[in-house]
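Engineer: I have a structure I would like to understand better, so I am pasting it below and will then ask my questions one at a time.
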């Protein structure tokens, strides 16, 4: 079986398991908080504003820069690759998207960049758990292939590592 077939099979699995109206609404609402890295940028800006220690404020601001940079790198790659979002017969996406470009997932990119950047400021399990939640929400909602999410997670981690 080709990698593309496995990717599509995993997407179909995500779109056909664990779906009911309440869960879909909850996952879609959670995922919307990750649009354009909004929640991660807000977290970093709030952390910087509320932190009493200069070193911690610098770490929060560095995190904001890392998240913003990861989003920028993601968008450049997205416009170069130009992979279209998945289309499954009889399984339309659960949520709208800003563009029809899919690779790599910006939600996964910015979330894993944020997790790497903020893990020294917050419990690592919490930020990585939130990042994973954003990442898996995208195939569940039918707007990304699993490979888009994996690539985004790797990209975000790499950007954060380089800029840390």
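Engineer: Would you be able to tell me the number of residues in the range 2-24 that are without any contact (Cβ under 8 Å) to a residue 60 or more places away in the chain, loosely packed, with under 11 Cβ neighbours inside 10 Å and in a helix (DSSP H, G or I)?
Structural biologist: 4
Engineer: Let me ask something else. Could you figure out which of (1) modelled with pLDDT of 95 or more; (2) at positive phi; (3) more than 13 Å from the chain's Cα centre (by Cα) isn't true of residue 90?
Structural biologist: Tallying (1) modelled with pLDDT of 95 or more; (2) at positive phi; (3) more than 13 Å from the chain's Cα centre (by Cα), residue 90 fails exactly one: (1).
Engineer: Of all the helices (runs of 4 or more DSSP H) wholly in the range 95-164, which have at least 2 residues that are surrounded by fewer than 17 Cβ atoms within 10 Å (Cβ to Cβ) and either modelled with pLDDT of 95 or more or under 11 Å from the mean Cα position of the chain (by Cα) (or both)?
Structural biologist: Values: elements: 106-118, 124-140, 146-163.
The helices (runs of 4 or more DSSP H) meeting that bar are 124-140, 146-163.
Engineer: Of the residues 72, 47, which is buried (at least 18 other Cβ atoms within 10 Å of the Cβ), assigned to a helix (DSSP H, G or I) and at pLDDT 95 or above?
Structural biologist: Numbers: 72 fails: buried (at least 18 other Cβ atoms within 10 Å of the Cβ).
It is 47.
Engineer: Would you please list the contacts, defined by Cβ atoms under 7 Å and residues six or more apart or on different chains, that run from a residue in the range 25-51 that is on the phi > 0 side of the Ramachandran plot to a residue that is surrounded by 15 or more Cβ atoms within 10 Å (Cβ to Cβ)?
Structural biologist: Hits for this filter: 36/71; 37/67; 37/71; 37/110.
Engineer: A follow-up question, please. Among the residues of the range 75-91, count how many are touching a residue at least 24 places away in the same chain (Cβ under 8 Å) and assigned to a helix (DSSP H, G or I). First the steps, then the outcome.
Structural biologist: Taking the range 75-91 first, the residues touching a residue at least 24 places away in the same chain (Cβ under 8 Å) are 75, 77-78, 83, 85-86, 88, 91.
Applying the additional criterion that residues be assigned to a helix (DSSP H, G or I) yields 75, 77-78.
Total satisfying the criteria: 3.
Engineer: A follow-up question, please. What are the residues in the range 2-33 that are farther than 16 Å from residue 149 by Cα and in contact with a strand residue (DSSP E or B) (Cβ under 8 Å, 6 or more places away or on another chain), if any?
Structural biologist: Residue satisfying the conditions is 16 alone.
The values are calculated or read from the model by the stated rules, or taken from the named source; none is laboratory data. What you see is a predicted model, and the numbers here were worked out from it, not measured in a lab. Neighbour counts run over all protein chains shown; Cβ positions are idealised from the backbone, glycine included.
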